[in-house]
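*Asks:* This is the structure I have questions about; it appears just below.
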There are 2 protein chains.
Amino acid sequence: MEPESPSKRPSAPVLCVDRPVYSEKYMESELLHRKERTPETVKEKLTKQLHCSSDRAKAAVLSFLPILSWLPSYPVRKYLFGDVVSGLSTGVMQLPQGLAYAMLAAVPPVYGLYSSFYPVLLYTFFGTSRHISMGTFAVISLMIGGVAEREAPDSDFYVHQFNSTNKTLDTDARDTRRVQVAVALTCLVGIIQLALGLLRFGFVAIYLAEPLVRGFTTAAAVHVFVSQLKYLLDIKTTRYSGPLSVLYSLIEVLKKIGQTNVASLVVGLVCIVFLYVVKDLNDRFKKKLPVPIPGEIIVVIVSTGISYGMKLCDVYHVDVVGEIPTGLLPPSVPKFSLLHSLVVDSIAIAIVGFSMAISLAKIFALKHGYAVDGNQELIALGLCNFTGSFFHTFTITCSMSRSLVQESTGGKTQIAGLLSSLVVLLVVVAIGFMFEPLPKTVLAAIIMVNLLGMFKQFRDVCLLWGTSRIELAIWVVAFIASVLLGLDYGLLVAIAFAMLTIIYRTQSPKKMILGQIPNTALYYDVEEYEEATECAGIKIFYSNTSIYFANSDLYVSALKQKTGVDPTVIQAKCKSHRQKSKKQKENGKREQSFSQIKEAVVKLDMEMGITHEVVDGEGSDLQENGQLVEAQAESDSEESRNFLEALSPVHSIILDFTPVNFIDSVGAKAIQAVIKEYAEIGVSVFLAGCSRTVLAELRALQFFSGAVTPELVFPTIHDAVLHCQCPRSHQSNDSM
Amino acid sequence: MEPESPSKRPSAPVLCVDRPVYSEKYMESELLHRKERTPETVKEKLTKQLHCSSDRAKAAVLSFLPILSWLPSYPVRKYLFGDVVSGLSTGVMQLPQGLAYAMLAAVPPVYGLYSSFYPVLLYTFFGTSRHISMGTFAVISLMIGGVAEREAPDSDFYVHQFNSTNKTLDTDARDTRRVQVAVALTCLVGIIQLALGLLRFGFVAIYLAEPLVRGFTTAAAVHVFVSQLKYLLDIKTTRYSGPLSVLYSLIEVLKKIGQTNVASLVVGLVCIVFLYVVKDLNDRFKKKLPVPIPGEIIVVIVSTGISYGMKLCDVYHVDVVGEIPTGLLPPSVPKFSLLHSLVVDSIAIAIVGFSMAISLAKIFALKHGYAVDGNQELIALGLCNFTGSFFHTFTITCSMSRSLVQESTGGKTQIAGLLSSLVVLLVVVAIGFMFEPLPKTVLAAIIMVNLLGMFKQFRDVCLLWGTSRIELAIWVVAFIASVLLGLDYGLLVAIAFAMLTIIYRTQSPKKMILGQIPNTALYYDVEEYEEATECAGIKIFYSNTSIYFANSDLYVSALKQKTGVDPTVIQAKCKSHRQKSKKQKENGKREQSFSQIKEAVVKLDMEMGITHEVVDGEGSDLQENGQLVEAQAESDSEESRNFLEALSPVHSIILDFTPVNFIDSVGAKAIQAVIKEYAEIGVSVFLAGCSRTVLAELRALQFFSGAVTPELVFPTIHDAVLHCQCPRSHQSNDSM
């Protein structure tokens, strides 16, 4: 489009407006008519709300049990093959991840398998996302592990050996206790998520800005990595929790690095290298491979075989997974007595879990063109965790690595998730015991390789440096706070910081003086654009912020500084001028300055009157006072104008109100005061581009009173500028 | 102004714009040219900053010691009389208030007199406000008292009597300790204020919104009132601090109300009635009285005389002020060892003290047309408190009641404050002992009557109900939190709440569809105004908020809901249409539907391509894909248009970006996704009225990539509407 040559394209649209200049007074009285709306009565509203029809009931049931809406129309021939392949692949991943993340959660491995079965099964019925893979997740598992170890520390479970003074660790009692803690926590997380979902609080996830979540998960990756070092090296260290725990853990690992079990380390490193190569191959030949190479399950099977064959546990003292009971445990009620000390943790875990699930679900929904319902997702997650907790599971959410596999192997619906859970069930009831010789170092290797994706998020720092420093700050604060303070407090600090940045943005606005782009009604920054030219005697002030208590002072001082017209300074000059002329009069030399003195005295009186009005808030004196002054000043007006014009060549200031989205009483008072202050030195202040909502707010705040009338308000900057340039109107405003 | 009849007023300005429609692409390439600016080098900046000239040095000295700038030009004849009258009146008020507020601060009365002397003297030299009266202030004194009683509770000072098992209270030791605490606190407050001032942090006061300060001070008045009840009734109660202390204190007073000393109560009530009447007379005959009736000093003198004459202390057991040492104490260093437990309190006191002073100073400065410097005020207050603490004073700030007297009795400069401090000095060194028989109930009466003004702030509730519910909420939260949690935590809660309201405002924007006001380029809410008419096929969406992480989802869902065009729904319809026509084809009945199927398949491919692009962030596929689709779709375009138009008659959506003041990466991605989502269903999305700063932000965030080009951005809504209405351009956009 080349508008400068309309001859080339005769159809190029042309903007043509030709109308009188409108002020708000005209607009409200003549131009705009409010539509009459009969407000709904409370009864009507209630009836509407409580109205119950079969359609509504059906919709409610369908929304609560999404499976009812998609399963009946499941296109078996088209979707089933993809779902089966995807379900088996994901199920095969669930196994080693379940075992590994159980370690993170500080519970015996078999509980990871339980967690990979029950909730995954349930999600099939209640979930709205077709592609995310529910199950164990590193960050959540680590958070649970932290709580479990805090509530059931090793130190509580040293018992006196029979006929010995040495104390030994009663790992069975400890693990039982930790499972109780993890299960109770999961129950509470489920209740919280369910309650949030039923209360339609799905929107809480919006406070988790992307840079915040990425900084937080990167920090979680650091925590997970450090926590796995001891398994990789196969050394015994105490586990720390609370602030700085990651540093203490790292220091302890480094101290005990001499005790490394070389066999474990070798096995672990070999696994890491193998898994990394497989991951790389999968990425590289994504399109050629029908199904990604199941590196993790290969590693688990092979290393279990080697461990069993070479008796790694007995000969090389490699730490192995150990007992895996076959079959499922009967359901039992979580220990509610533990709940009171888990409230804060469970809130943090509930929110993190949900935000992980919903962010991934949204990405897939956008990609495949269906909708996910945030509130239903919360309900589904809550049900999975709550019900699961009766079957000894720990908290689950979706895992990014598994979800990507589920989607890329052709999964189309929740059926894939169902199948993956059945794979886990098969292992639990049939061949679980076969994994007993699996070295823990292999699980550590699996976890560490899975962290790679999260560590890649460090690249964000460079990206954000180029795009948005504020978001970089959020990322860095979320990362550092979560690494140093632990994941729960870190998340809180990060959220608080993210909110403060919003406040900061409203407090550090860009301020500029606008100038007209010739032959248009567009006004842009005069410092930035060559074409923008200021209109003589008119200053247009722009500051991209709403005006409220915390920035109204900044707004006013920026206005005075940018326009270069400071009423205080000019008044001071006025006074000194008056004093000078007084002296001159006393000397009897220049009698003609009499009118100037009178004018200055009038100014002072006016000032007292007007500012008194500002303090007392009684609007009526002013007008009388103003009229009085006007009458007195009429004779001197010419001279006074000359005098004032010498002080400041600006006769009008236009405040561009387009960026003002809301204004509070402090802001309104500040603008009122500004208008009056400038009126005293003969400068008219106009508001332009005020949105209708802000105008309504101004009215509610009794902004228009005394000298501040709707005539000062114009719908666009151009209206205001034309009004100021018209000599008649300027004069009448000037003497106000 | 009646623009509809321009014939009447030939000079009425007319707005006339006639230009081609601009898109951002044209604007950036042809219309606007950025001014070249050579950025300052670091060296230049440093040189500028560190440049030291005699002018700068002089200005720095004058700004640090404002007395040097105003005293040399002090107009003795004109100002001195007013200053003397005002100084004496204020000094006479300082005396009883100093004694009374010392009681609040839980220190012996004479320390109130010290506090009314040293800092007031110092403020003369460093302060920039000419009318505020520094000295003791009820709220601050109460906060100090709370800390002093917490750090030195009565229970620590019970000692075994000589040859007795009963414990008695060692009031001397207790008071000495409390003075130490108060003085150390004052020292810390001074340091904090001084540091904030030197670091130019005067702006922190802006976080104290007016409704917040008023709610807070009303709560403080409640605290002060309750704390004075026991003195009025002359009963002994323990003093509580911390949350709910005001309730405990009230309950204890009510429990012990039977022990009331009737003589004290009578004296107190008489004083209250007298003071109230005097206050009323002063208010009523403000203009006729040359100097307000000094009710407080009359009450003090008369009641001291009566107490001495009638031996109230001995005969009626009325609690009196007791020992007042004559003369000043030698300076001593505050006990720094106490500081560590006072940090939080001192921050709260420092901020409250400063905000009181600056808000009053600004009111007077505005009234009398001079400037106060927030940072210099902080420095002055800090110096007053810090230096004062070496002379055994407790924290001071300005008091509203005294400042109003100082101003209304004709005070013109800081000389009035100087004189009032000299009045106090005279009493301290000469006649202080004469006030020893003064009953404490009289001081309680003085405090209570002074609280009246603060209790009047309850009227705010009604006022704010009418003007702004959000500000009402701030007031109520500040009041309730401060009453229940105590002043320190209450202030914190109130500030946090006030900040949350700002966030809330950005999250609950007004959303509307705009329509054109005929014959103008103005677009207003179609639901609100009769004249606003929507343009056929174009929806203009307005939401008065910036777009960032915490509201981008809300923005998008509001957009879909308000415009009534939801891409997900339309795509679902598209798919079902495709399936239906597939079936039809399988039945071999209607061959002519082939093109429709093809179109639908193309749509689906497009969708996959485009949304894939969203996830991977690689912009280039899309265009290729788009071109491919364009080529394929050319033949079907007519039919596809009909099909889509049947689904939605809207072909263009314009997002009004004028209220967007900032956008972050999450917001930019959301808008990008919206543009692409709508493009899939053949609806073009345009941005209009984007400010140059937001455009710069969008560029930094790599917003313009792939299908999202600057051609979608228009400087005004009207440009965008005209562009949409021009059939050629619409067509070319539609097939994109």
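The values are calculated or read from the model by the stated rules, or taken from the named source; none is laboratory data. Source: prediction; values computed, not measured. Positions of Cβ are generated from backbone atoms using ideal geometry, with glycine treated the same way; all protein chains shown enter the neighbour counts. The area values use the complete protein model at the heavy-atom level, side chains included, leaving out ligands, DNA and RNA. Shrake-Rupley method; radii C 1.70, N 1.55, O 1.52, S 1.80 Å.
*Asks:* Kindly indicate whether A:F686 is in a strand (DSSP E or B), in contact with a Leu (Cβ under 8 Å, 6 or more places away or on another chain) and of a type outside the set (V, I, T).
*Replies:* yes
*Asks:* Next question. Which condition number in (1) surrounded by 21 or more Cβ atoms within 10 Å (Cβ to Cβ); (2) modelled with pLDDT under 85 is the one that B:D55 fails?
*Replies:* The failed condition is (1).
*Asks:* When you look at B:P518, is it open to solvent by 40 Å² or more (accessible area, probe 1.4 Å), outside any helix (DSSP H, G or I) and touching a residue at least 12 places away in the same chain (Cβ under 8 Å), yes or no?
*Replies:* Values: open to solvent by 40 Å² or more (accessible area, probe 1.4 Å): yes; outside any helix (DSSP H, G or I): yes; touching a residue at least 12 places away in the same chain (Cβ under 8 Å): yes.
The answer is yes for B:P518.
*Asks:* Anything in the stretch A:258-275 that is open to solvent by 30 Å² or more (accessible area, probe 1.4 Å) and of a type in the set (A, V, I, L, M)? List them, or say none.
*Replies:* A:V262, A:L265, A:V266, A:V267, A:L269, A:V270, A:I272, A:V273
*Asks:* Read through the list (1) crowded, with 23+ Cβ neighbours inside 10 Å; (2) out of contact with any helix residue (DSSP H, G or I) (no Cβ under 8 Å at 6 or more places or on another chain); (3) not hydroxyl-bearing (S, T, Y), then give the number of the only condition that A:K255 fails.
*Replies:* (1)
*Asks:* Further, regarding this structure: Give the number of residues within the stretch B:717-730 that are surrounded by fewer than 21 Cβ atoms within 10 Å (Cβ to Cβ) and of a type in the set (D, E, K, R). If you could, list the steps in order and put the result at the bottom.
*Replies:* In the first step, residues of the stretch B:717-730 are kept if they are surrounded by fewer than 21 Cβ atoms within 10 Å (Cβ to Cβ); the result is B:725-728, B:730.
The next check asks that each one be of a type in the set (D, E, K, R); those that pass are B:728.
Going through the stretch B:717-730 one residue at a time, the tally reaches 1.
*Asks:* Within the stretch A:287-310, is there a residue that is among the hydrophobic types (A, V, I, L, M, F, W, C), over 18 Å from A:M93 (Cα atoms) and crowded, with 18+ Cβ neighbours inside 10 Å? Full working, then the answer.
*Replies:* Within the stretch A:287-310, the first condition is being among the hydrophobic types (A, V, I, L, M, F, W, C), and the residues that meet it are A:289, A:291, A:293, A:297-302, A:306, A:310.
Applying the additional criterion that residues be over 18 Å from A:M93 (Cα atoms) yields A:306, A:310.
Still in the running and crowded, with 18+ Cβ neighbours inside 10 Å: none.
The answer is no; no qualifying residue exists.
*Asks:* Can you tell me which of (1) open to solvent by less than 10 Å² (accessible area, probe 1.4 Å); (2) farther than 20 Å from A:I474 by Cα is the one B:K676 doesn't meet?
*Replies:* Here B:K676 clears every test but (1).
*Asks:* While we're on this one: Give the number of residues within the stretch A:311-320 that are open to solvent by 70 Å² or more (accessible area, probe 1.4 Å) and touching a residue at least 12 places away in the same chain (Cβ under 8 Å). Can you show your working first?
*Replies:* Just the residues of the stretch A:311-320 that are open to solvent by 70 Å² or more (accessible area, probe 1.4 Å), to begin with: A:311, A:314-317.
After this cut, where a residue has to be touching a residue at least 12 places away in the same chain (Cβ under 8 Å) as well, the list is A:316-317.
Result for the stretch A:311-320: 2.
*Asks:* Does A:A532 satisfy being without any contact (Cβ under 8 Å) to a residue 12 or more places away in the chain and facing chain B (nearest Cβ under 10 Å)? Show your work before the answer.
*Replies:* On the way: without any contact (Cβ under 8 Å) to a residue 12 or more places away in the chain: no; facing chain B (nearest Cβ under 10 Å): yes.
The answer is no for A:A532.
*Asks:* Restricting to helices (runs of 4 or more DSSP H) lying wholly in the stretch A:347-436: which have 2 or more residues that are of a type outside the set (S, T, N, Q) and either over 24 Å from A:F64 (Cβ atoms) or touching an Asp or Glu at 6+ places or on another chain (Cβ under 8 Å) (or both)?
*Replies:* Details: elements: A:374-389, A:400-408, A:415-426.
Of the helices (runs of 4 or more DSSP H) lying wholly inside the stretch A:347-436, those with at least 2 residues that are of a type outside the set (S, T, N, Q) and either over 24 Å from A:F64 (Cβ atoms) or touching an Asp or Glu at 6+ places or on another chain (Cβ under 8 Å) (or both) span A:400-408, A:415-426.
*Asks:* Select from the stretch A:653-663 the residues that are at the interface with another protein chain (Cβ under 9 Å from one of its Cβ atoms) and either over 25 Å from the mean Cα position of the chain (by Cα) or over 17 Å from B:L464 (Cβ atoms) (or both) and write down the one among them that is surrounded by the fewest Cβ atoms within 10 Å (Cβ to Cβ).
*Replies:* Narrowing the stretch A:653-663 to residues at the interface with another protein chain (Cβ under 9 Å from one of its Cβ atoms): A:658-662.
Those left that are additionally either over 25 Å from the mean Cα position of the chain (by Cα) or over 17 Å from B:L464 (Cβ atoms) (or both): A:658-661.
Working: A:T658: 20, A:P659: 24, A:V660: 28, A:N661: 27.
Per the stated criteria, the residue is A:T658.
*Asks:* Also, I was wondering about something else. Please find, among A:F225, A:F201, the residue that is open to solvent by 40 Å² or more (accessible area, probe 1.4 Å) and within 14 Å of chain B (Cβ to nearest Cβ). Step through it out loud before you land on a result.
*Replies:* Values: A:F225 fails: within 14 Å of chain B (Cβ to nearest Cβ).
Just a single option satisfies the conditions, and that option is A:F201.
*Asks:* Could you list, in sequence order, the residues of the stretch B:368-420 that are open to solvent by less than 20 Å² (accessible area, probe 1.4 Å), within 14 Å of another protein chain (Cβ to nearest Cβ) and of a type in the set (S, T, N, Q)?
*Replies:* Selection gives B:S403 alone.
*Asks:* Which ones in the stretch B:703-716 are open to solvent by 20 Å² or more (accessible area, probe 1.4 Å) and either without any contact (Cβ under 8 Å) to a residue 24 or more places away in the chain or part of a helix (DSSP H, G or I) (or both)?
*Replies:* Across the stretch B:703-716, the qualifying residues are B:F704, B:P710, B:E711.
*Asks:* Answer yes if at least one residue in the stretch A:497-507 is within 11 Å of another protein chain (Cβ to nearest Cβ), more than 15 Å from the chain's Cα centre (by Cα) and within 22 Å of B:T693 (Cβ to Cβ), and no otherwise. Lay out the reasoning, then the answer.
*Replies:* Step one: of the stretch A:497-507, the residues within 11 Å of another protein chain (Cβ to nearest Cβ) are A:498-507.
After this cut, where a residue has to be more than 15 Å from the chain's Cα centre (by Cα) as well, the list is A:506-507.
Subsequent filtering for residues that are within 22 Å of B:T693 (Cβ to Cβ) retains A:506-507.
Scanning the stretch A:497-507 turns up at least one residue that is within 11 Å of another protein chain (Cβ to nearest Cβ), more than 15 Å from the chain's Cα centre (by Cα) and within 22 Å of B:T693 (Cβ to Cβ).
*Asks:* Using the structure shown, decide if B:G486 is away from every other protein chain (no Cβ under 12 Å) and either open to solvent by less than 20 Å² (accessible area, probe 1.4 Å) or at pLDDT below 85 (or both). Write out each step before concluding.
*Replies:* Details: away from every other protein chain (no Cβ under 12 Å): yes; either open to solvent by less than 20 Å² (accessible area, probe 1.4 Å) or at pLDDT below 85 (or both): yes.
Yes.
*Asks:* How many of the residues in the stretch B:58-86 are surrounded by fewer than 11 Cβ atoms within 10 Å (Cβ to Cβ) and not in a helix (DSSP H, G or I)?
*Replies:* Here is the first cut: in the stretch B:58-86, the ones surrounded by fewer than 11 Cβ atoms within 10 Å (Cβ to Cβ) are B:72-73, B:75-78.
The next check asks that each one be not in a helix (DSSP H, G or I); those that pass are B:72-73, B:75.
Going through the stretch B:58-86 one residue at a time, the tally reaches 3.
*Asks:* For the stretch B:558-576, how many residues meet the condition of being at the interface with another protein chain (Cβ under 10 Å from one of its Cβ atoms) and surrounded by fewer than 17 Cβ atoms within 10 Å (Cβ to Cβ)?
*Replies:* If we filter the stretch B:558-576 for residues that are at the interface with another protein chain (Cβ under 10 Å from one of its Cβ atoms), which is where we start, we get B:566-569, B:571-572, B:574-575.
In the following step, the residues that additionally are surrounded by fewer than 17 Cβ atoms within 10 Å (Cβ to Cβ) were identified as B:568-569, B:572, B:575.
The qualifying residues number 4.
*Asks:* State all residues of the stretch A:333-364 that are more than 14 Å from chain B (Cβ to nearest Cβ), among the charged types (D, E, K, R) and open to solvent by 50 Å² or more (accessible area, probe 1.4 Å); if no residue qualifies, say none.
*Replies:* A:K335
*Asks:* Is there a residue in the stretch A:544-556 that is surrounded by fewer than 21 Cβ atoms within 10 Å (Cβ to Cβ) and more than 10 Å from chain B (Cβ to nearest Cβ)?
*Replies:* yes
*Asks:* What about A:V493, is it more than 10 Å from every other protein chain (Cβ to nearest Cβ), part of a helix (DSSP H, G or I), touching a residue at least 60 places away in the same chain (Cβ under 8 Å) and not hydroxyl-bearing (S, T, Y)? I'd like the intermediate steps shown before the answer.
*Replies:* On the way: more than 10 Å from every other protein chain (Cβ to nearest Cβ): yes; part of a helix (DSSP H, G or I): yes; touching a residue at least 60 places away in the same chain (Cβ under 8 Å): no; not hydroxyl-bearing (S, T, Y): yes.
No.
*Asks:* Considering only the stretch A:105-190, give the helices (runs of 4 or more DSSP H) lying wholly within it that have at least 3 residues that are over 24 Å from A:L438 (Cβ atoms) and touching a residue at least 60 places away in the same chain (Cβ under 8 Å). Outline the logic, then answer.
*Replies:* Details: elements: A:109-115, A:118-126, A:138-151.
Passing ranges, in order: A:118-126, A:138-151.
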